[in-house]
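Throughout, read-outs are computed from the coordinates displayed, never taken from laboratory work. Predicted, not measured: the structure shown is a model, and the values here were computed from it. All Cβ positions, even for glycine, are placed from backbone atoms using ideal geometry, and neighbour counts span all protein chains on display.
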Amino acid sequence: NAGVTQTPKFQVLKTGQSMTLQCAQDMNHNSMYWYRQDPGMGLRLIYYSASEGTTDKGEVPNGYNVSRLNKREFSLRLESAAPSQTSVYFCASSSGTGASPLHFGNGTRLTVT
Amino acid sequence: GENVEQHPSTLSVQEGDSAVIKCTYSDSASNYFPWYKQELGKRPQLIIDIRSNVGEKKDQRIAVTLNKTAKHFSLHITETQPEDSAVYFCAASKGGADGLTFGKGTHLIIQP
């Protein structure tokens, strides 16, 4: 099993460009999450999906959109990238709700110039 | 919502000594408290977790303690080794669909 797979690993964007970060899990998990990690800020929740067909905002959703394409896949889209979105993005999944361990992907390092 | 505070932000210990990282949480309804280890350039990985019906849990050199009354929990690492050097994150959840709230992390440095 691959676990949680994220693509791409690295990306450089110019301000105003758009892109989609892809995430897929093969553990048959119901819940999927997108976090961003900035130095000294820990991991902050952007959006989550408790089940196929549902998505909800987390702590820092502004500037992002998500799609839960099916049970396996959960994508994160930046419509008009800004330098403040320079970060490392982690996708994660869990079998249940918040009282379950998270399994993280390897992350995407995004730089917006 | 839940707020998790973690201290210290950096901890340097001699190899072989013990390390303790402390976290406090704000929501008394929280019932699940995992700890994650993140090595440089890698993803966070779960190392130990505890639920609110348990006061302490051990796994070899790692232990976690929980004080529900004071709303704090701690990670204890004994006989530290160079491979323990990493950033450690605590987290808390009350079981809602929004998953975990993380502390800001502790950079643990093991001095040879």
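Applying the selection to the range A:36-92, what residues are of a type in the set (S, T, N, Q) and more than 14 Å from every other protein chain (Cβ to nearest Cβ)?
A:ASN62, A:ASN65, A:SER67, A:ASN70, A:SER75, A:SER80, A:SER84, A:GLN85, A:THR86, A:SER87
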Given the condition touching a His at 6+ places or on another chain (Cβ under 7 Å) and farther than 18 Å from B:SER28 by Cβ, answer yes or no: does some residue in the range B:70-80 qualify? no
Within the range A:10-113, strands (runs of 3 or more DSSP E) holding 1 or more residues that are within 21 Å of B:VAL4 (Cα to Cα): A:31-38, A:42-49, A:87-94
Considering only residues that are facing chain A (nearest Cβ under 7 Å) and within 16 Å of the chain's Cα centre (by Cα), which ones fall in the range B:87-97? B:PHE89, B:SER93
Matching entry among B:ASP27, B:ASP84 (being more than 14 Å from every other protein chain (Cβ to nearest Cβ) and in contact (Cβ under 8 Å) with a residue 60 or more places away in the chain): B:ASP84
Exception for B:ASN53 within (1) of a type outside the set (Ser, Thr, Tyr); (2) within 13 Å of chain A (Cβ to nearest Cβ); (3) part of a strand (DSSP E or B) falls at (3)
Only one of A:GLN11, A:GLN22 is surrounded by fewer than 21 Cβ atoms within 10 Å (Cβ to Cβ) and within 10 Å of the chain's Cα centre (by Cα). Can you tell me which? A:GLN22
Taking the conditions exactly as written (assigned to a loop (DSSP other than H, G, I, E, B) and closer than 21 Å to A:ARG36 by Cα), does B:LYS37 satisfy them or not? no
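Yes or no, residue by residue, for (1) more than 10 Å from chain A (Cβ to nearest Cβ); (2) surrounded by fewer than 19 Cβ atoms within 10 Å (Cβ to Cβ); (3) assigned to a strand (DSSP E or B):
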position: B:GLY41; (1), (2), (3): no, yes, no
position: B:LEU46; (1), (2), (3): no, yes, yes
position: B:ALA63; (1), (2), (3): yes, yes, yes
position: B:THR69; (1), (2), (3): yes, yes, no
position: B:GLU79; (1), (2), (3): yes, yes, no
position: B:GLY99; (1), (2), (3): no, no, no
position: B:ILE109; (1), (2), (3): yes, yes, yes
